[in-house]
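Read the structure below first, then the notes.
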């Protein structure tokens with residue numbers, strides 16, 4: 001049970017860094033913090049943030065993978081990671097980008113993701 005919780009926790013932290021690496025620069029540009037930066041500067045900033053993502057993602061996959069004594073198959077790890085990614089992204093987007101909002105079709109997509117998790121854990 002400890003490996004399960006540690007894996008999920010590391011995946012959440014990893015995805016927070018990933019979301020900031022992939023989309024945080026848009027908020028920084030909107031706030032006029034990096035609006036004059038060249039593209040290569042923004043890419044390097046994102047890579048720097050993504051390094052921390054990998055520092056949590058790799059241990060999560062190692063600890064969580066069945067072949068290493070964890071509770072998850074590779075397919076289960078990937079589906080869990082994708083669901084966490086979309087949840088983190090949704091929170092990030094709705095909190096930081098005021099023009100973005102949730103609609104019924106987004107909620108329908110989340111239901112499909114929950115179904116994906118159910119099916120990937122089916123024996």
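The values are calculated or read from the model by the stated rules, or taken from the named source; none is laboratory data. Keep in mind that this is a model prediction, so the values were computed, not measured. Note: ideal-geometry Cβ built from the backbone for every residue, glycine included; neighbour counts use all protein chains shown.
Can you tell which of 96, 102, 28, 107 is in contact with a helix residue (DSSP H, G or I) (Cβ under 6 Å, 6 or more places away or on another chain) and farther than 23 Å from residue 7 by Cα?
96
Going by the structure shown, is residue 4 touching a residue at least 60 places away in the same chain (Cβ under 8 Å), surrounded by fewer than 18 Cβ atoms within 10 Å (Cβ to Cβ) and farther than 17 Å from residue 97 by Cβ?
Taking the combined requirement at face value, the residue satisfies it.
How many residues does region 22-41 contain that are within 19 Å of residue 92 (Cα to Cα) and part of a helix (DSSP H, G or I)?
9
Can you report the number of residues in region 88-122 which are surrounded by 13 or more Cβ atoms within 10 Å (Cβ to Cβ), over 18 Å from residue 27 (Cβ atoms) and at pLDDT 90 or above?
0
Give the residues of region 55-87 that are outside any helix (DSSP H, G or I) and either free of Cβ contacts under 8 Å to residues at least 12 places away in the same chain or surrounded by 12 or more Cβ atoms within 10 Å (Cβ to Cβ) (or both), sorted by residue number.
Residues satisfying the conditions are 65, 70, 71, 72, 73.
What residue, of 22, 47, is surrounded by 10 or more Cβ atoms within 10 Å (Cβ to Cβ), touching a residue at least 24 places away in the same chain (Cβ under 8 Å) and more than 14 Å from the chain's Cα centre (by Cα)?
That would be 47, the only listed residue that is surrounded by 10 or more Cβ atoms within 10 Å (Cβ to Cβ), touching a residue at least 24 places away in the same chain (Cβ under 8 Å) and more than 14 Å from the chain's Cα centre (by Cα).
Collect the residues in region 88-123 that are within 18 Å of residue 21 (Cβ to Cβ), touching a residue at least 40 places away in the same chain (Cβ under 8 Å) and in a helix (DSSP H, G or I), keeping them in residue-number order.
88, 89, 92, 93, 96 - these are the residues of region 88-123 that are within 18 Å of residue 21 (Cβ to Cβ), touching a residue at least 40 places away in the same chain (Cβ under 8 Å) and in a helix (DSSP H, G or I).
What's the number of the condition residue 71 fails, among (1) within 21 Å of residue 121 (Cα to Cα); (2) within 16 Å of the chain's Cα centre (by Cα)?
(2)
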